[in-house]
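A short worksheet on the structure shown next.
Where a number appears in this text, it was derived from the coordinates with a stated rule and is not lab data. This one's a predicted model, so the numbers in the text were calculated from it and none came from an experiment. Cβ placement follows ideal geometry from the backbone for every residue including glycine, while neighbour counts extend to all protein chains displayed.
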Amino acid sequence: MTNSIERTLDLNAPIERVWQALADYKEFGTWFQLRLHGPFQAGKVTTGEVTSSCHHGLPFWMRPETIEQPNRFSFVWPMDETISPDDPDLQSKVTLVEFTLTAKGPGTRMTLRESGFDKLPDNKGINVFRNNEGGWNAQMENIKSHVE
Amino acid sequence: MSNNLARSVETTDLAMTFAALGDKRRLALVERLYSADALSVSVLCEGMDVSRQAISKHLKTLTDARLISSERSGRETLYSLEKKKLEEANAFLMLVGEKWDDALGRLQVHLATPATDQPATSHPVAINSETGKLAQSNPAANHTDFTTSKKQNREK
């Protein structure tokens with residue numbers, strides 16, 4: 001049991017390639033299923049829309065915090081799609097996502113960490129633009145029936 | 001479990017749960033209570049590197065978050081884990097984690113697909129320039145098939 005999400009992944013690609021897939025907003029959008037409007041800059045909000053089928057067109061935003069080529073990329077994003085980047089109480093409505101890359105032989109070890117769930121203002125659930133796969137609605141119902 | 005507690009679960013607060021779990025020692029307490037029915041402070045103190053007072057404080061935090069409950073047993077107070085609460089928090093994190101597993105799976109597929117014919121190192125960062133050339137032609141394309149055929153072509 002923990003209070004954050006952590007994943008470690010060994011990727012079959014050089015660190016520069018992985019870095020590009022993270023730090024290039026268009027590449028990021030490709031695998032993250034987003035259409036982002038502009039490049040990432042630390043401290044600046046990037047907006048866009050969700051492209052995954054279930055939530056297609058839903059507005060999205062994220063704010064890069066750290067861009068340290070080629071090792072660290074982090075951003076905050078809102079807990080749900082109703083939260084605006086101008087929200088006066090933003091700090092308690094976002095979580096922090098951190099990618100850490102280290103070269104490992106010809107490949108790359110990637111660590112993902114998402115934290116900040118201890119600040120959630122309520123328990124609405126997680127933001128829906130974390131896109132989708134089968135069973136998500138059923139799971140959502142499960143957790144809803146648990147927490148409501 | 002009292003009715004009071006059952007009611008309070010309805011207004012449960014995941015944030016409080018995560019805050020309560022965000023401490024090494026409290027996590028250790030939760031772990032020990034997980035495999036036990038009910039334990040006293042004295043028993044919980046054993047093997048911990050902090051004072052009994054500190055343990056009591058941690059137990060209070062866990063009680064406030066309703067992760068544990070207590071009942072009197074003679075002269076002692078026994079603490080037990082509210083597993084349902086832990087399961088709620090766990091289910092939430094699993095859900096978030098599954099989303100990430102999907103996204104990371106797509107990243108792996110994406111990485112197996114050359115973004116450009118030029119070596120990636122020639123465009124290590126694209127955070128400030130027009131990078132249209134690097135964009136994937138069709139995000140809706142079936143990445144897996146694309147990857148496979150590209151690889152085979154290269155090997156020829």
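Using a simple spin-label model with points 7 Å from Cα along the Cα→Cβ vector, what separation in nm is obtained for B:Lys24 and A:Thr47?
Between B:Lys24 and A:Thr47, the label points sit 4.4 nm apart.
Would you mind checking the pairs A:Lys44/B:Lys85; B:Lys57/B:Lys85; B:Lys60/B:Lys99; A:Lys44/A:Lys119 and listing those with alpha carbons more than 27 angstrom apart? Walk me through the numbers on the way to the answer.
Details: A:Lys44/B:Lys85 37 Å; B:Lys57/B:Lys85 20 Å; B:Lys60/B:Lys99 33 Å; A:Lys44/A:Lys119 22 Å.
In this structure, A:Lys44/B:Lys85; B:Lys60/B:Lys99 exceed 27 Å between Cα atoms.
Once you place label points 7 Å from the Cα toward the Cβ at A:Cys54 and A:Thr66, how far apart are they in nm?
The modelled label-to-label distance comes out at 3.0 nm.
Name the trypsin sites (Lys or Arg not before Pro) in segment B:12-108 that are in a loop by DSSP and that have at most 10 other C-beta atoms within 10 Å, would you? Intermediate results must be reported in sequence, preceding the final value.
Numbers: sites: B:Lys24, B:Arg25, B:Arg26, B:Arg32, B:Arg52, B:Lys57, B:Lys60, B:Arg66, B:Arg72, B:Arg75, B:Lys83, B:Lys84, B:Lys85, B:Lys99, B:Arg106; in loops: B:Arg66, B:Arg75.
The qualifying sites are B:Arg75.
As an exercise, identify the GluC sites (Glu not before Pro) in segment A:7-111 lying in DSSP coil whose Cβ has no more than 15 other Cβ atoms within 10 Å.
On the way: sites: A:Glu16, A:Glu27, A:Glu49, A:Glu65, A:Glu68, A:Glu81, A:Glu98; in loops: A:Glu81.
Listed in order of number, the matching sites are A:Glu81.
If you count, for every residue in B:18-27, the Cβ atoms of partner chains within 10 Å of its Cβ, what is the mean?
Numbers: counts 9, 5, 2, 6, 6, 1, 0, 0, 0, 3.
Across B:18-27, the average partner-chain Cβ count within 10 Å equals 3.
Simple spin-label model, 7 Å along Cα-to-Cβ: A:Ser92 to B:Glu87 in nm?
3.0 nm
Order these by the 10 Å Cβ neighbour count, fewest first: B:His58, A:His37.
Details: B:His58 22, A:His37 13.
In increasing order of surrounding Cβ atoms, one gets A:His37, B:His58.
Give me A:Leu101, B:Leu27, B:Leu14 ranked fewest to most by other Cβ atoms within 10 Å of their Cβ, as a rough exposure proxy.
On the way: A:Leu101 21, B:Leu27 17, B:Leu14 25.
By the 10 Å Cβ count, ascending: B:Leu27, A:Leu101, B:Leu14.
Roughly speaking, what is the stretch gain from B:Glu76 to B:Lys57, that is 0.36 nm per residue apart minus the C-alpha to C-alpha distance, in nm to one decimal? Mind showing how you got there, number by number?
Details: separation 19, 0.36 × 19 = 6.84 nm, distance 1.64 nm.
So the extension gain works out to 5.2 nm.
So how do A:Ile15, A:Ile83 line up by other beta-carbon neighbours within 10 Å, fewest first? It would help to have the intermediate numbers written out before the result.
Details: A:Ile15 23, A:Ile83 17.
Fewest-to-most ranking of A:Ile15, A:Ile83: A:Ile83, A:Ile15.
If I stretch the segment between A:Thr102 and A:Thr2 completely, what's the gain in nm (0.36 nm per residue apart, minus their alpha carbon distance), one decimal? Don't skip to the end; give the middle numbers.
On the way: separation 100, 0.36 × 100 = 36.00 nm, distance 2.39 nm.
Gain on stretching A:Thr102 to A:Thr2: 33.6 nm.
Using a 10 Å cut-off around each Cβ of peptide A:11-24, what is the average number of partner chain Cβ atoms that fall inside?
Details: counts 5, 3, 6, 4, 3, 7, 9, 4, 5, 12, 7, 2, 4, 11.
Counting Cβ atoms of other protein chains within 10 Å of each residue's Cβ and averaging gives 6.
Pulled fully out, how much extra length does the chain show between B:Ser40 and B:Glu98, if you take 0.36 nm times their separation in residues and subtract their Cα-Cα distance? Please list the in-between numbers first.
Working: separation 58, 0.36 × 58 = 20.88 nm, distance 3.68 nm.
Additional length available on full extension: 17.2 nm.
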